[in-house]
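One structure is given here, and the rest of the page talks about it.
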């Protein structure tokens, strides 16, 4: 399979677990992924699924898309009821539109989070240019945040730009992008995140681009007071706040969006994405009507060929219906799993320095247990060893993220069962114990500590 | 339906035929769109379908997507065979990769043409920056060309930027975008297009961004000699050529791509889009391996959440299989339709100044028959009248495009039958005759000449 892939696929398109053995996924169901070799099928528990949130192979969603594709799949220039109904349902879940005089949420349906964030940035710039007479368009973004793969999204994605190495990031990053430092709570947490925005901010109309539920940063969820203060400063100077909820929407953290879970101020623009169509390409850019005005007045039609076509709307409606049903899981199984992970933190304080997150969006930060030969505190190699053990011996798939690749990010489908949670925590306990034993008995980790690529 | 749409949909998202009566499309089949009112269903012949090229409601494609969504819909970080197979099939159809020492086509699957053009521009810039040590990145684009709705695509889309009116286009258009003038053959065709590129070009490594089969420009297909000359100049100075075949791919003009139909030189990068998944969001950016090198070396992973997921690949494979079957239609029904339209040109030389195009991508350019009160030669109002008559009296949907909205662009699904072609030509004849009679008898066109928005 690999040579056939490599023939026409650029090497910059990563393969998960390339360092051990990549998975050939031919079927999947609920929280399980089935990987095939010519002679065996192995079932893996999937703790890293932030797209098929309503479960792999969800038949209700597959059927809804099928029925719609058989009927018709016209674009947004024709009228069809699911286009309106999906927006109505999203707006109702976002709340707060009817009682504050700013008009209803206006929603642009697109194919992907990158497209939604791109148009969100265009809308913000139009607002700053025409309403605030700005000539420059400072965008505040956060260290380790990621907003998508398009040119404009990369320009506000320090997570990606830091990887340019010796290459010139100015090709992507315009001079008016200001990066605000936002550390993870451990192992190093100074300076206090509460002062980082103030340090970076120059009062003038500008855009705050904030990834709610920062995922690749390693499950970073600042407190409500932090966002309240930053958004209030931005607004009092005539700027606006964009929340990127592409990863964190659709009950991932408990409420429909992370900003609702965390009690952050309601944004001017919010983008939704990955889980919105359970894998069918669908995303939404939701804008308060008063902020959209300048963009409307520019005179450019916004047409997106597939965005909001009938099949995409059918996928979105079926997904929301499934996720409404699964929503309690985010609280109940999420709380159960968080409790189990905290038990592991208590049991293995040498290895785990923090367990954090909300709902089904959890992070476990690993420490270096091999010191003092390697003076860095992060458990990058430890997590790599543990993730490889989890995959190869326990058949559990996990995600490695964070600035130093030392945070296990857990975002299973919302159909994750209490049994799945207990099994996962048990396997994690075993893998950590094995890792510690290897270090204590042999002074080093086994050959599996070669780095599981599980971005 | 309209008030419910307007509640959450920005007004910059156009509705077709908003000036007469928009269509509520609840079903569609092959070349026909069914529009519903509370009491009636009207069947319209669709001559404007550049997405569901294998026909509306195509069951083979709907079934393939359904089966795949039931099985699994994993992303490109896992291995699955249809991901490789789709690329193999695209590469085989693009040809020319094995015999010129440049290595195979490398293909990035995305959700939409805008995403493919965005990454194409990133790849070109990386090549110019790292291979050619460029500090500036001049991109030559054509008047009236359109490459997508994202920020970077708009920067090379004069078709859109001209509509910014009094607003500042510098927000979108960087100073190193150079617009090459490319006129339609009539009614005004000076200066000769063959000299336009030379006039705009400054020798230095740069990118030629060329929309093959320019659609919104009004079916503009320059001769092979023009492209050969431009591409050869670009290449001899170390630059490269991107062809945007998002509209024109998949046998629209006869061969798989328009550059193959027209005999243009094979490009360094070519993007495919709209018809590739028959409405399922799917697009491809295809790059010669030698040109991709610098992009690969930048060190940024390219990951697209939905791009090339299993359902998208299933849609692509099923669509290619259906279109292979329909391919002869592009030649046979296309030739039949072109002949019928030329007959109309001969019959109505006052109204039609040109009939052009290849395969199932045809254009009819209209003249002003109301002169001398309106001195402009373009038949903008005439075409608006004709398109409205076609829709409301003959139930035929058409597209209005071109710099002055005076070109009827005809791009029906490839399942368009000879009977469909004959019916359409007959109705067009009637509508033109009605328009001429109105002008001759009343000195003006009837109330229907109020502008059918049929972009």
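The values are calculated or read from the model by the stated rules, or taken from the named source; none is laboratory data. Worth saying up front: this structure is predicted, and the values here are computed from it rather than measured. FYI the Cβ positions are ideal-geometry reconstructions off the backbone, even for glycines, and counts take in every protein chain you see.
Among the conditions (1) more than 20 Å from the chain's Cα centre (by Cα); (2) modelled with pLDDT of 95 or more; (3) surrounded by fewer than 23 Cβ atoms within 10 Å (Cβ to Cβ), residue A:324 misses just one, which is (1). Inside the stretch A:96-114, residues that are more than 7 Å from chain B (Cβ to nearest Cβ), out of contact with any helix residue (DSSP H, G or I) (no Cβ under 7 Å at 6 or more places or on another chain) and either within 13 Å of residue A:289 (Cβ to Cβ) or touching a residue at least 40 places away in the same chain (Cβ under 8 Å) (or both) make up a count of 4. Every listed requirement among (1) away from chain A (no Cβ under 13 Å); (2) assigned to a helix (DSSP H, G or I); (3) touching a helix residue (DSSP H, G or I) at 6+ places or on another chain (Cβ under 6 Å); (4) surrounded by fewer than 20 Cβ atoms within 10 Å (Cβ to Cβ) is met by residue B:265 save one, (2).
With respect to the conditions (1) modelled with pLDDT of 95 or more; (2) within 7 Å of chain B (Cβ to nearest Cβ); (3) closer than 30 Å to residue A:269 by Cα; (4) surrounded by fewer than 22 Cβ atoms within 10 Å (Cβ to Cβ), residue A:27 lacks only one, and its number is (3).
Among residues of the stretch B:46-80 being more than 7 Å from chain A (Cβ to nearest Cβ) and surrounded by fewer than 20 Cβ atoms within 10 Å (Cβ to Cβ), the one that is farthest from the chain's Cα centre (by Cα) is B:67. Taken as a whole, the condition of being more than 9 Å from chain A (Cβ to nearest Cβ), more than 15 Å from residue B:298 (Cα to Cα) and either over 19 Å from the mean Cα position of the chain (by Cα) or at pLDDT 95 or above (or both) applies to residue B:146.
Once the stretch B:279-292 is narrowed to residues that are at the interface with another protein chain (Cβ under 8 Å from one of its Cβ atoms) and assigned to a strand (DSSP E or B), the residue that is nearest to residue B:412 (Cα to Cα) is B:280. Among residues of the stretch A:47-65 that are closer than 17 Å to residue A:86 by Cβ, those with a beta-carbon under 6 Å from a residue that is part of a loop (DSSP other than H, G, I, E, B) at least six positions away or on a different chain give the pairs A:53/A:250; A:53/A:413; A:53/A:414.
Of the residues A:120, A:64, A:91, the single one that is at pLDDT 95 or above, outside the structural domain of residue A:234 (by TED's automatic domain parsing) and in a helix (DSSP H, G or I) is A:64. Being closer than 27 Å to residue A:160 by Cβ, crowded, with 21+ Cβ neighbours inside 10 Å and at the interface with another protein chain (Cβ under 9 Å from one of its Cβ atoms): is that true of residue A:137 here? For residue A:137, the condition - closer than 27 Å to residue A:160 by Cβ, crowded, with 21+ Cβ neighbours inside 10 Å and at the interface with another protein chain (Cβ under 9 Å from one of its Cβ atoms) - is met. Considering (1) modelled with pLDDT under 95; (2) surrounded by fewer than 22 Cβ atoms within 10 Å (Cβ to Cβ); (3) at the interface with chain A (Cβ under 10 Å from one of its Cβ atoms), the lone condition that residue B:85 does not fulfil carries the number (1). The test for being within 8 Å of another protein chain (Cβ to nearest Cβ) and assigned to a helix (DSSP H, G or I) holds for residue B:295.
Matching residues to (1) touching a strand residue (DSSP E or B) at 6+ places or on another chain (Cβ under 7 Å); (2) modelled with pLDDT under 90; (3) over 25 Å from residue A:57 (Cβ atoms):
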{"site": "A:372", "(1), (2), (3)": "no, yes, yes"}
{"site": "A:385", "(1), (2), (3)": "no, no, yes"}
{"site": "A:392", "(1), (2), (3)": "no, no, no"}
{"site": "A:411", "(1), (2), (3)": "yes, no, no"}
{"site": "A:414", "(1), (2), (3)": "no, no, no"}
{"site": "A:432", "(1), (2), (3)": "no, no, yes"}
{"site": "A:436", "(1), (2), (3)": "no, no, yes"}
{"site": "A:449", "(1), (2), (3)": "no, yes, yes"}
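If you go through the stretch A:345-356 one residue at a time, do you hit one that is at the interface with chain B (Cβ under 9 Å from one of its Cβ atoms), part of a strand (DSSP E or B) and crowded, with 23+ Cβ neighbours inside 10 Å? Walk me through it before giving the result.
The initial filter retains those residues of the stretch A:345-356 that are at the interface with chain B (Cβ under 9 Å from one of its Cβ atoms), namely none.
No - not one qualifying residue is present in the stretch A:345-356.
Restricted to the stretch B:155-175, and to residues there that are outside any loop (DSSP other than H, G, I, E, B), within 8 Å of another protein chain (Cβ to nearest Cβ) and crowded, with 17+ Cβ neighbours inside 10 Å, the residue that is modelled with the lowest pLDDT is B:171.
Restricting attention to the stretch A:222-262, the residues being part of a helix (DSSP H, G or I) and farther than 24 Å from residue A:411 by Cβ number 10.
Among the residues of the stretch A:1-24, just one is free of Cβ contacts under 8 Å to residues at least 40 places away in the same chain, surrounded by fewer than 20 Cβ atoms within 10 Å (Cβ to Cβ) and under 22 Å from the mean Cα position of the chain (by Cα), namely A:12.
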